[in-house]
Amino acid sequence: MGEAMRRNLLGLKPRGQQQMTMNVPLDQLEDRVCPCGEKVFVAALTLKEIPAMCSPSGKPETAMSQVGFACVTCGLVIPLRPEETKEEKPKIEVIRG
């Protein structure tokens, strides 16, 4: 009997697929705010056309891809993950000695 079968019989998850869960109190997290000041967003999706030749059903279909969240006030789409602020360094540094 293989390891995967033994783990399954014991009710254990397969190796490499164990997930860690964390309880994070949402009231203690910082809100993401749109530049216009709004805090409410809706999901922003792009729709992709799947041609019949690539579709599992053999018929043209549509796939959805979430690209971010749109502000309900101004419509600005913000990305799913907050961007890290990058410090711009000069391309050439002059070192005097």
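Annotations for the structure displayed:
- Scope the range 29-84; condition in a loop (DSSP other than H, G, I, E, B) and small (G, A, S); matching residues: G37, A52, S55, S57, G58, G75
- Across the range 55-70, the qualifying residues are those that are free of Cβ contacts under 8 Å to residues at least 24 places away in the same chain and under 25 Å from the mean Cα position of the chain (by Cα), and the one among them that is farthest from R32 (Cα to Cα) is S55.
Rule-based calculations on the coordinates, nothing more; no lab input. Just so it is clear, the model here is predicted, and its values are computed rather than measured. Don't worry about glycine lacking a Cβ; one is built from the backbone with ideal geometry, like all the others, and counts go over all protein chains shown.
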